[in-house]
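Report on the following structure.
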Amino acid sequence: MEPAPLGAVHWSELGSMLFALWMVVIFIVLFAANMLVGHNLLPTFIASRHVPESLQKARLLFYAFAIVCFAIAMYFLYSTIVQGDVLNSFWADFWI
């Protein structure tokens with residue numbers, strides 16, 4: 001296998017793959033943060049009476065947003081895997 005310079009198309013596809021991978025990271029962090037707030041912090045603050053009892057209903061919003069963030073992260077993960085095919089065009093042994 002001889003090294004060859006990458007063309008603009010390869011760099012563009014690699015950039016798209018890297019963008020999708022960063023989106024996975026961002027949405028997984030958002031998912032984890034919303035689960036942490038909805039499942040841990042809000043019940044603790046409500047039990048200690050630092051926040052009003054009426055915020056108990058807000059937990060559902062945090063859970064819903066967490067599920068949406070997880071679904072979007074899975075979409076971007078799938079997109080990253082599909083776009084990873086660009087690696088075959090210039091590096092056949094990428095599983096090393």
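The values are calculated or read from the model by the stated rules, or taken from the named source; none is laboratory data. In this text the structure is predicted, and so the values were computed from the model without any measurement. Cβ placement follows ideal geometry from the backbone for every residue including glycine, while neighbour counts extend to all protein chains displayed. Note: areas computed on protein heavy atoms with side chains; ligands, DNA, RNA excluded. Shrake-Rupley method; radii C 1.70, N 1.55, O 1.52, S 1.80 Å.
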Please determine, by comparing only the residues of segment 68-95 that are under 24 Å from GLY38 (Cα atoms) and open to solvent by 80 Å² or more (accessible area, probe 1.4 Å), which one is nearest to the chain's Cα centre (by Cα).
PHE70
Of all the residues that make up segment 34-51, how many are part of a helix (DSSP H, G or I), open to solvent by less than 50 Å² (accessible area, probe 1.4 Å) and free of Cβ contacts under 8 Å to residues at least 12 places away in the same chain?
1
For ALA4: the one exception among (1) surrounded by fewer than 14 Cβ atoms within 10 Å (Cβ to Cβ); (2) in contact (Cβ under 8 Å) with a residue 40 or more places away in the chain; (3) part of a helix (DSSP H, G or I):
(3)
Considering every residue within segment 33-56, establish whether at least one is under 11 Å from the mean Cα position of the chain (by Cα) and farther than 30 Å from VAL86 by Cα.
no
When you go through SER89, SER54, SER16 one by one, which is the residue that is among the hydroxyl-bearing types (Ser, Thr, Tyr), part of a helix (DSSP H, G or I) and in contact with a His (Cβ under 7 Å, 6 or more places away or on another chain)?
SER89
